[in-house]
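A.B. asks: Can you read through this structure? Questions will come right after.
The values are calculated or read from the model by the stated rules, or taken from the named source; none is laboratory data. Since this is a predicted model, take the numbers as computed values, not measurements. Cβ atoms come from the backbone with ideal geometry, glycine included; neighbour counts cover every protein chain shown. Calculation scope for accessible area: heavy atoms of the full protein, side chains included, ligands and nucleic acids excluded. Shrake-Rupley method; radii C 1.70, N 1.55, O 1.52, S 1.80 Å.
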Amino acid sequence: MQQTMPALFLGHGSPMNVLEENRYTQAWRHAGETLPRPRAIIAVSAHWYTRGTAVTAMEDPRTIHDFGGFPQALFDTRYPAPGSPALAQEIADALAPTPVRFDHEWGFDHGSWGVLIKMYPGADIPVVQLSVDATQPAAWHFEQGKKLAALRDSGVMIVASGNVVHNLRKVRWDETAEAWPWAQRFNQFVRDNLDYQGDTEAHPLVNFMQHPDAALSNPTPEHYLPLLYVLGARQAGEPVTVPVDGLEMGAISMLSVQVG
């Protein structure tokens, strides 16, 4: 019988994590080495923020270097994992009646390959990236996660990435500076409510913008919303754990969450 795959949300932070080794990348690597090996991965990244829902549906997705001002070594890095048109169709079927566009242009942005290159450096597991629909409210994204939950029972791992606190205008370039108090409070609010299993409408993390520090912590929601796919995909009674946490540059949360 196929083992139910975990679902992960990884705080991806700076693209420089691709070239560096630190406690965050070590946690991602440890997950790849110790978790059950999936037959395929659904990647949900903050950096594919679209109108409508799309999935990558090509055999050989490209590696997208969607950033600037970093060392050439980062631009030279590729993550040549195969795509899976078959999994793209499985996702579309699971998300019905949501219309899903089969995309042949996008590929893997740094929100997806930047963490997968640490988890599975061999790039030998098929990956399909699912976009985040910018036109939909938070509860809709949580419900999409619910629809994807069944795929976990057939060997598919969900790996979402973003940052639950992400305010680039408030970053502190002094690495010794403490995190902003509002960032600390919001990050703790997320941690305190990861285990909630009540109605979607009442879920504190679905209604995250009601928190007094949410607007500063998430001036735009795209880095937060991938978390909701993972929490939505949680099955009854499953444990929720935090593989690693931390606040970098004062205003970027590196919180990672594992379901299952």
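A.B. asks: Quick one: give the max-minus-min coordinate of the C-alpha atoms of region 58-176 along each principal axis, largest first, in Å.
C.D. replies: If we take the Cα atoms of region 58-176, the spans are 47, 32, 25 Å.
A.B. asks: Still on this structure, I have one more. Taking the square root of 5 times each eigenvalue of the Cα gyration tensor, what semi-axes in Å does the equivalent ellipsoid of region 129-205 have, largest first?
C.D. replies: In descending order the semi-axes read 29, 16, 13 Å.
A.B. asks: Return, ordered by residue number, the residues of region 246-260 whose backbone nitrogen is under 14 Å from a label point located 7 Å along Cα→Cβ of GLN3.
C.D. replies: Residues 260 qualify, since their backbone N sits under 14 Å from the label point.
A.B. asks: Among 157-166, 182-191, 231-240, how do they line up from the highest to the lowest mean number of other beta-carbon atoms within 10 Å?
C.D. replies: 157-166, 182-191, 231-240
A.B. asks: While we're on this one: Restricting the calculation to Cα positions, tell me the Rg (one decimal) and the Dmax (whole number) of the chain in Å.
C.D. replies: Cα radius of gyration and Dmax of the chain are 17.0, 51 Å respectively.
A.B. asks: If you take the square roots of the eigenvalues of the alpha-carbon gyration tensor of region 15-75 and sort them as a ≥ b ≥ c, do you get rounded (a/c under 1.5), prolate (a/b over b/c) or oblate?
C.D. replies: It comes out oblate by the Cα gyration axes.
A.B. asks: A further question follows. So what are the ³J(HN,Hα) numbers for region 37-48, from phi and the Karplus equation (6.51, -1.76, 1.60; θ = phi - 60°), rounded to whole Hz, Gly and Pro as x?
C.D. replies: After applying 6.51 cos²θ - 1.76 cosθ + 1.60, I find 6, x, 6, 6, 10, 9, 9, 10, 10, 4, 9, 10 Hz.
A.B. asks: Between GLN72 and GLN235, 0.36 nm times their residue separation minus their Cα-Cα distance comes to what?
C.D. replies: Details: separation 163, 0.36 × 163 = 58.68 nm, distance 4.24 nm.
Length gained between GLN72 and GLN235: 54.4 nm.
A.B. asks: Given a 1.4 Å probe, how much area per residue of region 1-134 is accessible, in Å²? Provide the component values of the computation, followed by the final result.
C.D. replies: Values: 5610 Å² over 134 residues.
The answer is 42 Å² per residue.
A.B. asks: Follow-up. Under a Cβ-Cβ cut-off of 14 Å, what is the net charge of the residues other than HIS203 that fall near it, where Lys and Arg count +1 and Asp and Glu count -1?
C.D. replies: -3
A.B. asks: Considering only the other residues whose Cβ falls under 13 Å of the Cβ of PHE9, what net charge follows from Lys and Arg at +1 and Asp and Glu at -1?
C.D. replies: Result for the neighbourhood of PHE9: +1.
A.B. asks: Counting only protein heavy atoms, what percent of the accessible surface of region 182-260 is carbon or sulfur at a 1.4 Å probe?
C.D. replies: 50 percent
A.B. asks: Same structure again: Which length gain, in nm to one decimal place, applies between GLU105 and ALA177 when the Cα-Cα distance is subtracted from 0.36 nm times their residue separation?
C.D. replies: Roughly 21.9 nm would be gained on extension.
A.B. asks: State the percentage of accessible surface on region 1-146 attributable to carbon and sulfur atoms; use a 1.4 Å probe and exclude ligands, DNA and RNA. Working shown, then result.
C.D. replies: Working: 3220 of 6110 Å².
Reported share for carbon and sulfur atoms: 53 percent.
A.B. asks: Could you work out the local net charge near TRP106, counting Lys and Arg as +1, Asp and Glu as -1, over the other residues with Cβ closer than 13 Å to its Cβ?
C.D. replies: Neighbour charge sum, excluding TRP106 itself: -3.
A.B. asks: If you don't mind, there's one more thing I want to ask. Name the shape class, rounded, prolate or oblate, that the alpha-carbon gyration tensor gives for region 171-213, where a ≥ b ≥ c are the square roots of its eigenvalues, rounded holds for a/c under 1.5, and otherwise prolate holds if a/b is larger than b/c and oblate otherwise. Write down the numbers at each step before the final one.
C.D. replies: Working: a/c = 4.20, a/b = 2.70, b/c = 1.56.
Prolate, since a/c reaches 1.5 and a/b exceeds b/c.
A.B. asks: Starting at the first residue of region 205-216, write each ³J(HN,Hα) from the Karplus equation 6.51 cos²θ - 1.76 cosθ + 1.60 with θ = phi - 60°, in whole Hz, x for Gly and Pro.
C.D. replies: 7, 6, 8, 4, 6, 7, 5, x, 9, 5, 5, 6
A.B. asks: Would you mind calculating the gained length between ASN193 and THR34 on full extension (0.36 nm times residue separation, minus the Cα-Cα distance), in nm to one decimal? Display every interim value, and only then the final one.
C.D. replies: On the way: separation 159, 0.36 × 159 = 57.24 nm, distance 2.59 nm.
Gain on stretching ASN193 to THR34: 54.7 nm.
A.B. asks: A further question on this structure: Give the cross-link partners of LYS170 among the lysines, using a straight C-alpha distance below 29 Å as the criterion and excluding same-chain residues fewer than 8 apart.
C.D. replies: LYS118
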